[in-house]
1. Can you spot a residue in the stretch 70-78 that is more than 16 Å from Leu30 (Cβ to Cβ) and surrounded by 16 or more Cβ atoms within 10 Å (Cβ to Cβ)?
2. Restricting to the stretch 62-114, name every residue that is β-branched (Val, Ile, Thr), closer than 12 Å to Ala34 by Cα and outside any helix (DSSP H, G or I).
3. Hey, Ala121 hits all of (1) modelled with pLDDT of 95 or more; (2) farther than 30 Å from Leu8 by Cβ; (3) in a helix (DSSP H, G or I) but one; which does it fall short on?
4. Can you tell me which residue in the stretch 105-119 is farthest from His84 (Cα to Cα), limited to those that are among the aliphatic types (A, V, I, L, M) and open to solvent by less than 60 Å² (accessible area, probe 1.4 Å)?
5. Which ones in the stretch 28-53 are at pLDDT 95 or above and small (Gly, Ala, Ser)?
6. State yes or no: is Ala98 within 20 Å of Thr31 (Cα to Cα) and touching a Leu at 6+ places or on another chain (Cβ under 7 Å)?
Amino acid sequence: AADRAILLDARSKRVRPGLDDKVLADWNGLTVAAIADLDPERARENCRTVGWDADRITATAFFGSGADLIAGSDVEVVIEATGHPIAGSDHAMAAINAGRHVVMGNVEADALCGPALAALARDAGVV
């Protein structure tokens, strides 16, 4: 309870993002370091569409597969959001086996094997 109070107090002192160019991920201390998409150029274009500037896109590594991202980057957390149960499960297992934390935005994969992935992550010392 004391830890929670400390965190809530610290959060209450931060400047809340308004309707300007603040990036919510940066405000929370997260940065998108890498993106995997079967079509990396389409992913870059989507980033432009949502307002990313050229510097931010250049600073982001783009990969043609989740496996390539996990093997070729040093990200700490992988967000699995393919919506494909088999690919999502494979990505999550690869990330866990590489010592990366996983956020499952893929309900299909989570429904298919969420408890097994959670056990694998627990055994690997990641979340």
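The values are calculated or read from the model by the stated rules, or taken from the named source; none is laboratory data. Since the structure is predicted, the reported quantities are computational estimates derived from the model, not experimental observations. When we count neighbours, we look across all protein chains shown, and the Cβ atoms used for this are built from the backbone with ideal geometry, even at glycine. In case anyone asks, the SASA skips ligands and DNA or RNA and just uses the protein heavy atoms, side chains included. Shrake-Rupley method; radii C 1.70, N 1.55, O 1.52, S 1.80 Å.
1. yes
2. Within the stretch 62-114, Val75, Val77, Val78, Ile79 meet the criteria.
3. Result: Ala121 passes all but (2).
4. Ala119
5. Ala34, Ala36, Ala43
6. Spelling it out, it is not the case that Ala98 is within 20 Å of Thr31 (Cα to Cα) and touching a Leu at 6+ places or on another chain (Cβ under 7 Å).
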